[in-house]
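Below: one structure, written as structure tokens.
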Amino acid sequence: MNRDITNILLVGVGGQGILLASEVLAETFMLAGFDVKKSEIHGMSQRGGSVVSHLRYGGRVNSPIVSEGDGDILFGFELMETFRYLPLLRRGAFVVANSLQIAPPSVLMGNESYPDDLPERIRAGFPDFLLIDGQRVAAEAGDPRAANTVLLGAVSKRLQVEEEYWLEAMKRMIPSKALSINLKAFETGRNL
Amino acid sequence: MKEILSGNEAIARGAYEAGCLAASAYPGTPSTEILENTVKYSEINSSWAPNEKVALEVVAGVSFAGGRAFAAMKHVGVNVAADPLFTLSYTGVRGGLVLVTADDPEMHSSQNEQDNRNYAKFAKVPMLEPSDSQECKDFMRLAFELSEKYDTPVMLRTTTRISHSKSVVELGERSEAPLTPGLARDAAKLVMLPGNARIRHPFVEKRMAQLSLDASNMPANRLEFRNPEIGIITSGALYQYVRELLPDASVLKLGMVHPLPSELVREFASRVNRLFVVEELDPFIEEQVRALGIKVTGKELFPLCGELTPGRIRSALVVAGVMEAIDETSATGASEGLPSRPPNMCPGCPHRGVFFALKQLKAYVTGDIGCYTLGFMPPLSAMDTCICMGASIGMATGVAKVIPEEEKKKVVAVIGDSTFLHTGINGLMDMVYNGSTATVIILDNRITAMTGRQDNPASGFTLMNEPAKRIDLPLLCRALGAGSVRVVNPFDLDETKRVIKEEMNRPETSVIITEKPCVLIKREGVFEKGDVLLVDEESCAGCRACLAIGCPAIEWRSAMSGDKKGKAFIDPFLCTGCDICRQLCKFGSIGRKI
Ligand code: SF4
Ligand code: SF4
């Protein structure tokens, strides 16, 4: 596939704010002068189901979805969902994940257990793996609800986009009362 | 100015720029956000209709009065609106009239994956199909113009990928439509009695023939000649995938998928060596290309079912020998064996207790479309059928017609407030009229919840967020003649179960209405969170009774240090204090924090 395009996936659980995070990313890339497309499925997935958002940017982007095996970067906002979507990635892709665990129904009911070896299994396939205790880092920065932004900050250093575009995108996309805490969480993530 | 817009946002923007005066819809994934965006433009009168048929009739009225207007709906919504659609094809329009259908290949949130391109052919109206958000915007203007030029309603079809993908759009200015609204009588055109309709039908046939001719010169249909070896006819999101997978292939991109530009297809076919049609779901284009006597490869290669993703197109093209198989798959194997994560009703959802009671009563439940369809999932497992909007009530009537007497009282229809007003109400009329003794439960949570909280005629507000008269559901059901109409608090399990049981046993049509709001309603004074409950670790016997309702706030923590059974734990951030679980605990271990 077209190597001038970067393929990003954001995954997690419905209600975790994945759509907002991908909006911030898309806005950032547009401001930085890239073509950008993104795609996600809303609907039933919002009731606590598994959610994946696709985002692609580059010189000229056609498809809004990432083909299986073409993902370059995976943002995992929840650990099990991070693992679930690994097959979408190419070899050598970069994985950044929040260590947060949200139990699915079968685990809540005590019928299955939440696997406890996921970080090792992710690292085995993807050595370029950054695991962040997003809630804790965000809490230290001021509010555990800004965990997604900590992850964005951590990835921002790996993408060739000036910091000013990130900040401008957050100003545009994040509601004003949550802005200052998110800017702080972003800086914290960027300096991890 | 450039903005990143979803297909749905761009459709709303396109309507605005094209001078549209009104829009109406019934919410349905993936179309819902279209009207949630037209409402941002004060020039467009935007409204939720009780169902798609009404939505189309409202905008047809606007058109007959000279204004540009459109209706939006999900694919199955067009089934409901089909009646006016087919005859509007005969009358044609005054102001431009557009019907947006948002199809859902792969059934991400639908009960079937019907291909609504067939409606354009069936109803004899043109259909446009955009490939990204820019085209969503541009094609709305084109649709209004075609509608007025050819005197026809125009359909604009998206799929989930187009509606819910975002891409960069160049915004334009609004220009007002040519016609100024006002009453204009034209019975020969607008009164479709046999005499008039017989005159209009030949007009329809002529119109479509003319459109087919003109289609070959429309910029929306585009020949892209590259390497003549491979030629691909495609449209919609698939155009983007094809461009990326086969950048050198020649492409005939159809912006108008009906009627087909026959001349253009012939020309394209004559200039390429191997011709393929890449289309999702039905062989809609393929069959018409074949009918022109042209040899083409299509559905023998590409699947008939599901979304045609880049990966699936690639696999098919590998089989055809057009692409090489590549091994660029992930370094890790599949994620098989991982616990699945299906959607679930929210913590504190007012539907939960009703399904728990129905399960205990061993009711045969004819279900309907809404969040409550999730009641079929374990551990509640209390729904036996689900077909389409409003079907629950008619189906309950039918089931009870033929089963043995002692089973009849088991039949219960369950339907939400919005779905009841959509098309369930007719089923209740039939029940009363024809003497069905089945029971109907209306889950009134004051909102159309599943599509993301839209107002409806029983919620007390309009789409424009203006206060509206609320339909009084108990009064309505009494007026329809239901023998017994009772209102229950679904958070009181004993009462709910007792009332359902009594009504199941009652030998006449009975309606039970539950009145507790959806927990996601943000409007002040509707949903209010109660006190969070706690499990007392000491007395929790580990009996698992509280797990029977499947509340996501309750977690089973397995045995720690010698305690073999494990204990329940309530997540204080998720619990809304609905109090249902407390009523299930025989040991009094669940209670409020003191
Ligand atoms: S959105 Fe409302 S109706 Fe739907 S599951 Fe949640 S609480 Fe229940
Ligand atoms: S009270 Fe019980 S059932 Fe209701 S939300 Fe809280 S934990 Fe769930």
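The values are calculated or read from the model by the stated rules, or taken from the named source; none is laboratory data. Because the structure is a prediction, the values reported are computed rather than measured. FYI the Cβ positions are ideal-geometry reconstructions off the backbone, even for glycines, and counts take in every protein chain you see. Just so you know, the surface numbers come from the protein's heavy atoms only, side chains and all, with ligands and any DNA or RNA stripped out. Shrake-Rupley method; radii C 1.70, N 1.55, O 1.52, S 1.80 Å.
Accessible area per residue was computed with a 1.4 Å probe on protein heavy atoms; B:Val485 scores about 20 Å². Between A:Leu19, A:Leu159, A:Leu86, the GNM of chain A built on Cα springs shorter than 10 angstrom shows A:Leu159 fluctuating the most.
Which value, in Å to one decimal place, does the Kirkwood hydrodynamic radius take for the protein assembly as shown when every pair of different Cα atoms is included?
For the protein assembly as shown, inverting the mean 1/r across all distinct Cα pairs yields 28.2 Å.
What separates the Cα centres of segment A:63-98 and segment B:1-68 is a distance of 36 Å.
Across the cross-link table entries A:Lys157/B:Lys137; A:Lys37/A:Lys157; B:Lys149/B:Lys295; A:Lys37/B:Lys295; B:Lys124/B:Lys253, which are compared at the Cα atoms, the separations over 24 Å belong to A:Lys157/B:Lys137; B:Lys149/B:Lys295; A:Lys37/B:Lys295. In this label model, B:Val487 and B:Asn465 are separated by 2.8 nm, measuring between points 7 Å along each Cα→Cβ vector.
Peptide B:238-248 has a mean shielding of 3, counted as Cβ atoms of other protein chains within 10 Å of each residue's Cβ. The largest-to-smallest principal axis extents of the Cα set in segment B:533-592 are 32, 21, 19 Å. Note on segment B:140-183: semi-axes of the ellipsoid equivalent to its C-alpha gyration tensor, largest first and rounded to whole Å, are 26, 16, 8. Extending 7 Å from Cα along the Cβ direction at B:Thr87 and again at B:Glu508 yields two label points whose distance is 3.6 nm.
The ellipsoid equivalent to the alpha-carbon distribution of segment B:1-136 has semi-axes of 20, 19, 14 angstrom, derived from the gyration tensor eigenvalues as √(5λ) and listed largest first.
Roughly how many debye, to the nearest 20, is the charge dipole of segment B:533-592 about its Cα centre, given +1 on each Lys and Arg Cβ, -1 on each Asp and Glu Cβ, and no other charges?
Charge dipole, segment B:533-592, about its Cα centre: 200 debye, nearest 20.
Between B:Glu3 and B:Ser42, full extension at 0.36 nm per residue minus the direct alpha carbon distance yields a gain of 12.1 nm. Longest exposed-loop-site-free stretch of chain B, with trypsin sites (Lys or Arg not before Pro), DSSP loop and at most 10 other Cβ within 10 Å? My reading of the result: B:1-184 is the longest stretch. For segment A:70-179, the ratio of Cα radius of gyration to the globular rule of thumb 2.2 N^0.38 Å stands at 1.18.
Placing +1 on the Cβ of every Lys and Arg and -1 on the Cβ of every Asp and Glu, with nothing else charged, gives the protein assembly as shown a dipole about its Cα centre of roughly 1080 debye.
A convex hull fitted to the Cα coordinates of segment B:216-259 yields 66 cubic angstrom per residue.
Residues considered: A:Tyr165, A:Tyr114, A:Tyr57. Largest GNM mean-square fluctuation over chain A, using C-alpha springs under 10 Å, is found at A:Tyr114. Of all aspartates and glutamates in the structure, the ones whose alpha carbon falls short of 13 Å from that of B:Lys469, not counting any fewer than 8 places away in one chain, are B:Asp455.
With a 1.4 Å probe rolled over the protein heavy atoms of all chains, the accessible area of B:Met504, B:Met450 falls in the order B:Met450, B:Met504, largest first. Mean partner shielding of peptide A:10-17, defined as the number of other chain Cβ atoms within 10 Å of each residue Cβ, is 1. Dipole of the protein assembly as shown computed with +1 at Lys/Arg Cβ and -1 at Asp/Glu Cβ about the Cα centre; of B:Leu5, B:Met450, A:Val150, farthest Cα towards the positive end is B:Met450. Solvent exposure of segment B:53-148, expressed per residue, is 25 Å² of accessible area, with all protein chains present and a 1.4 angstrom probe. Over segment B:88-149, the fraction of Cα-Cα pairs per 5 Å bin, rounded to whole percents and listed from the shortest bin up, is 4, 15, 23, 23, 19, 11, 5, 1. Here the contact order of segment B:222-325, divided by its residue count and restricted to Cα pairs under 8 Å and six or more residues apart, works out to 27 percent.
Using a Gaussian network for chain A with springs between C-alpha atoms less than 10 Å apart, which of these wobbles most: A:Met109, A:Met80, A:Met30? Among A:Met109, A:Met80, A:Met30, the largest GNM mean-square fluctuation belongs to A:Met109. When all alpha-carbon pairs of chain B are counted, what percent fall beyond 32 Å? For chain B, the fraction of Cα-Cα distances above 32 Å is 55 percent.
Sort out the exposed loop trypsin sites (Lys or Arg not before Pro) in chain A (DSSP loop, at most 14 other Cβ within 10 Å) and tell me the longest stretch that has none.
A:61-156
Its Cα gyration tensor gives segment B:352-515 an equivalent ellipsoid, and the semi-axes of that ellipsoid, as √(5λ) in whole Å with the largest first, are 24, 18, 15.
The contact between chain B and chain A removes approximately 4800 Å² from the accessible area (both sides summed; 1.4 Å probe; ligands, DNA and RNA excluded). Inter-chain Cβ neighbour count for A:31-39, averaged per residue, equals 4 (cutoff 10 Å, partner chain atoms only).
Calculated FRET efficiency, B:Arg185 to B:Met107, Cβ-Cβ distance, R0 = 45 Å: about 0.50 to the nearest 0.05.
Using alpha carbons only, what's the Rg to Rh ratio of chain A with Rh from Kirkwood?
0.95
Could you name the aspartates and glutamates whose alpha carbon sits less than 13 Å from that of A:Lys171, not counting residues in the same chain fewer than 8 places away? Once the sequence-local aspartates and glutamates are set aside, what remains near A:Lys171 is A:Glu23, A:Glu27, A:Glu163.
Kirkwood radius for segment A:31-94, taken over all pairs of different Cα atoms as the inverse mean of 1/r, rounds to 12.9 Å. Distance between the modelled labels on A:Ala139 and B:Glu145, one decimal in nanometres: 5.9 nm (7 Å Cα→Cβ projection).
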